[in-house]
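So the structure is just underneath, and the comments pick up after that.
The values are calculated or read from the model by the stated rules, or taken from the named source; none is laboratory data. Only a predicted model underlies this, so the values are computations on that prediction, with no experimental measurement involved. Heads up, the Cβs are rebuilt from the backbone with ideal geometry, glycines too, and the neighbour counts pull from every protein chain shown. We work out accessible area using only protein heavy atoms, side chains counted, and drop any ligands, DNA or RNA first. Shrake-Rupley method; radii C 1.70, N 1.55, O 1.52, S 1.80 Å.
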Amino acid sequence: MHPYREYVNPHLGKLLEDIKMDKSYIRGEGCYLYDSEGNEYLDCIAAYGALPFGYNHPDIWECIHQIHNSMEPSFVQPSALNAAGELGKKLIENAPGNLRYVTFTNSGTETVEAAIKLCRSASGKLGILATNNSFHGKTLGALSATGKETYQKEFGAPVEGFNYVDYGNLEALEKKLKDNPEYFAAFIVEPIQGEGGIIEPPEGYLAGVREICDKYGVLLIFDEIQTGLGRTGKLFACQRQGVNPDLLLIAKALGGGIMPIGACLCTEQVYNEEFAEKHSSTFAANTMACRVGLKALDILLDNGGSLIEDVRIKGQIFKDGLIKLKQKYPKIIKSIRGQGLMLGIEFSITKDTFPGSLIGIMAEQELLTPIISSFLLNRECVRVAPTLNGANVIRIEPPLIINREQIFRALKGIENALEVLNQGNTAKLLSFLVDDGEAKHRDYENFVHREYPNVSPSENDEGRFAFIVHPLDLKNYMDFDKSLSAYSESELNDLTEKWNQMVDPFVVGKTRIISKCGSKAYGEFIVIPKTTEQLINSPRQQVLDELKSALKLAKSRGAGIVGLGAYTSVVSMGGLYLKDQGIPITTGNSYTVVTAVDSVTAALKKLNQNPSESVAAVVGATGSIGKGTSILISENVSKLILVGNPRNRRSSYARLYRVAAEVCKHISTLIHQGVTFDPGSIGDKLSKCGFLPDYDQPLQSFIEFVKSYDRKESPVIISTSVNEVLPLADVVISATSSVGKLITPANLKIGAIVCDMSRPANVSEEVEKTRPDVLAIDGGVIQVPGNADLGWDFGFDVGQAYACMSETIMLALEKHYKNTSIGASGISLKNILFTRELAEKHGFELARFRSFDRPLGDKKWERIIKSRNKCMIKKDVL
């Protein structure tokens, strides 16, 4: 671990490592940085404008050597400070308007603090007005002036006295000052918002601000910490509009790229005795910083300010080049902003720009501009950075000495990144995260993103739902974003480990379902970005917090009910841990039970096999789905084997006896209702046994009944050993929360039918390879009404969904906004039959069979039937 991450900032250090921006630079010269491997990087950040002359400018270092040689003292407070006086004089001589005094500081944020104190002490008023989306620093006063809540709320900011108006809005400014005539001491504003996203104000804005502040007797502060000292092609940005402030704040470039120093310039009217006597600093106005500041001004003003004029010209060349790129990639770039060498690229990418691509998700999660910056760093060796507030903007602020050749190099690197983005090529964009160089064998171009319908909520009276999903395994990432197939499994695993830690729950797909009876429902699919294995290995509370965040997102977007998909149901104890989050939920397990039984019944019919002559085994019988499936399928089969978890046999057997008892109680109830059963079925056998308890007897009576039955004769058998009992089963239904491959070629009967309801699957892929006589089907796959596109790709054909999704949708179609199918008790026979009725009403039906995540075509059916028959004949002969 790098010492910076270990001892300085572990959170930022890890993030930089994860996106490969953790370069360790050992040399800087001019516009270039060099790492320990000798790689050269063109720096177009310049420490956010603090490196006007690049790295290690010889004139700045010569100035420092002269100070050393002269032995001039550095810190001699209090005294008449020679260097500070000289620098103050030079700043005032070159500053706009009638600025008169200079207060030196050690940084930009300290400069803002000094300005706040000056204005309050001069006016006797407390209020400081700033703009939304601004950035003025991170000490408490400067942070309070920073119009961005996300930076403030954890630190008790804003403190009393701060308020905000929209940047560029003169009407809002005047109204605020008019409504509070005796409150505000000053209005602080950036001539160009830097961290806000390189936002230029409307023409005439600064002049209008000056006029309004004068009208209401409010001091005007121009924060030119980033824009000042040549950055925009003028010594100060306010000079472009010919507007003079009462206070002018500078820092960054004043230190020549070597020393930290800031300065607050103010008029004579603002400066006051209270401030002069009570504001001081040990390190501010020190000799070395002020001497360097003088040298920085000398360089900027040399030859009549030719460097600054050159900045204006080079800035226009750079901006024109970026504008041409915008014209070439209109889908990617929304605008080019800024003046001089303070430029910004605003990206227009959203989730809808690239459906079926993680690029859009990254944009939505405010991760895209850091990734683009890192791509440029690692692939093009060009250093840029996102703006802090403008999450979709990359800043370009190279040293003022950048030359035309370097500008064109930067433009070429940016164009290469834009081309990758324009293709929606996530794999290529993230390639620097998985290898050190473009692997020659890797094919980044062989993919096609699916097109999805663009749907949105309707104002009409339609149902609303959300469904929470997560990638079952790494393959699901490739299902959604086809470009990721370029990666190996280990590369994808490494990438998703990093991705999943940075990403919050997000909407991955949107759909509208119209049922066969005309009901409508709009829904969204929300992703928890963790695979099943990652959910299992994460602390439970952390996972529950993520699920609660997803529920909050669903509720905020208008969902009336939320479904829990795959392992999100397991980790939330069938939804019980989430039932009080202010929005109804369902696991979808009731309809999953229905589809398990319907799938097996349909498969038996397809293979001309009588259910009443078939032995069925339910693996995971004590779970909510397993129990419901056991009860429902018991009506038709000849014998039922209930298989529990072998890890704790004692508790498993106790739970299995209860399930077996509930099966028998259900059959007793049907007998009481006068239901007749097929000969040989469990119902037929129990109705003739003579000692089955009456349906209204307590469950304990049925437990004792099950235990009293001879094991060989009993129509309901319990076990915790799949290897012992599965060879007896004609039908196997797996409904466990295990991620292991429990069902193998060795433990299946000849000609067995296996319905795998578990996600991830419990059936080993070896069954497909070595047991052609076995029919293995993916359970719970449903054809939704109208074959509606669900708006994202999770490996199914268009119009198909999991049963749990389908239950959520049908509840929304019905506007049945109640907790449903949660916990073990929620998977009651009543709820199971209720969802069966809803499926019939709205037009949900079993989809064409799938096997090992692929459609089961006619040719494969023929092979299974042929092999099955062949094995059966061989078995009979033996």
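Computed quantities for the displayed model
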item: Cβ-derived FRET efficiency at R0 25 Å, residue 331 paired with residue 798, nearest 0.05; result: 0.50
item: Contact order relative to length of segment 476-544, as percent, for alpha carbon pairs under 8 angstrom and 6 or more apart; result: 22 percent
item: Segment 450-553: C-alpha gyration tensor shape, a/c 1.5 cut-off, then a/b vs b/c; result: oblate
item: Counted charge near residue 43, where neighbours are those whose Cβ lies closer than 13 Å (Asp, Glu -1; Lys, Arg +1); result: 0
item: Where the Cα pairs of the chain fall when distances are cut into 20 Å bins, in %; result: 13, 35, 26, 17, 8, 1
item: Isotropic mean projected area of the C-alpha convex hull, segment 101-206 (nm²); result: 7.1 nm²
item: Inter-label distance for residue 282 and residue 721, nm, one decimal - labels placed 7 Å from Cα along Cα-to-Cβ; result: 7.7 nm
item: Point-to-point label distance, residue 770-residue 348, nm (Cα→Cβ direction, 7 Å offset); result: 5.7 nm
item: Modelled FRET efficiency - R0 41 Å, residue 845 with residue 11, Cβ distances, 0.05 increments; result: 0.25
item: Exposure rank, largest accessible area first [354, 691; 1.4 Å]; result: 691, 354
item: Peptides ranked, highest mean first, by Cβ atoms within 10 Å: ranges 99-107, 119-127, 3-11, 246-254; result: 246-254, 99-107, 119-127, 3-11
item: When each of 351/428; 20/548; 331/351 is checked by Cα-Cα distance, pairs over 23 Å; result: 20/548
item: Net lengthening on full extension, residue 866/residue 489 (0.36 nm per residue, minus Cα-Cα); result: 132.2 nm
item: Portion, in percent, of the accessible area of the chain that falls on carbon or sulfur, probe 1.4 Å; result: 50 percent
item: Environment charge at residue 151 (Cβ cut-off 12 Å; Lys +1, Arg +1, Asp -1, Glu -1); result: 0
item: Whichever aspartates and glutamates have a C-alpha closer than 12 Å to that of residue 215, once near sequence neighbours (fewer than 8 apart) are set aside; result: 174
item: Contact order normalised by residue count of segment 354-447, Cα under 8 Å, 6+ apart, percent; result: 28 percent
item: Counting all C-alpha pairs of segment 215-299, share separated by more than 17 Å (%); result: 55 percent
item: Charge tally in the Cβ shell below 13 Å around residue 661, where Lys, Arg are +1 and Asp, Glu are -1, residue 661 excluded; result: +3
item: Segments 565-576, 605-616, 48-59, 828-839 sorted - mean Cβ within 10 Å per residue, highest first; result: 565-576, 48-59, 828-839, 605-616
item: Between helix 829-842 and the chain: long-axis angle, C-alpha atoms, 0 to 90°, nearest 10; result: 70 degrees
item: Of 675, 173, 82, farthest towards positive along the dipole that unit charges on Lys, Arg, Asp, Glu beta carbons give the chain; result: 675
item: Over 20 Å [Cα-Cα, segment 763-861], rounded percent; result: 47 percent
item: Cα gyration tensor, segment 543-663 - rounded (a/c under 1.5), prolate or oblate; result: oblate
item: Isotropically averaged projected area of segment 1-123, using the convex hull of Cα atoms (one quarter of hull area), nm²; result: 12.2 nm²
item: Average accessible surface area per residue within segment 545-596, 1.4 Å rolling probe, Å²; result: 32 Å²
item: Cα lying deepest toward the dipole's positive end in the chain, options 515, 376, 354, charges on Cβ; result: 515
item: Cross-link partners of residue 552 among aspartates and glutamates (Cα-Cα below 18 Å; sequence separation of 8 or more within a chain); result: 364, 504, 524, 580
item: Dipole axis of the chain (+1 Lys, Arg; -1 Asp, Glu on Cβ), positive-most option in 750, 585, 531; result: 750
item: Number of Lys pairs (Cα under 16 Å; 8 or more positions apart or on different chains) in segment 748-878; result: 12
item: Amide H contacts under 5 Å for residue 509, placed H, 5+ residues apart; result: 525
item: Under 20 Å from residue 639, Cα to Cα: aspartates and glutamates that are on another chain or at least 8 residues apart; result: 598, 613, 662, 678, 684, 704, 710, 713, 724, 730, 756
item: Cα-projected label distance for residue 76 with residue 549, points at 7 Å along beta-carbon direction, nm; result: 5.6 nm
item: Relative contact order [Cα under 8 Å, 6+ residues apart], segment 535-586, whole percent; result: 43 percent
item: Stokes-Einstein translational diffusion, segment 724-771 - Kirkwood Rh over all Cα pairs, 0.890 mPa s, 25 °C, in µm²/s; result: 229 µm²/s
item: Solvent exposure of segment 722-848 as accessible area per residue, Å², 1.4 Å probe; result: 35 Å²
item: Net dipole in debye of segment 470-531 [+1 Lys, Arg Cβ; -1 Asp, Glu Cβ; about Cα centre; nearest 20]; result: 580 debye
item: Expected 222 nm ellipticity per residue - DSSP helices of 4 or more, -39500 (n - 2.57), all of the chain, to 500; result: -12500 deg cm²/dmol
item: For segment 646-741, convex hull of alpha carbons as volume per residue, Å³; result: 126 Å³
item: DSSP bridge orientation in the chain - percent antiparallel, rounded to nearest 5; result: 45 percent
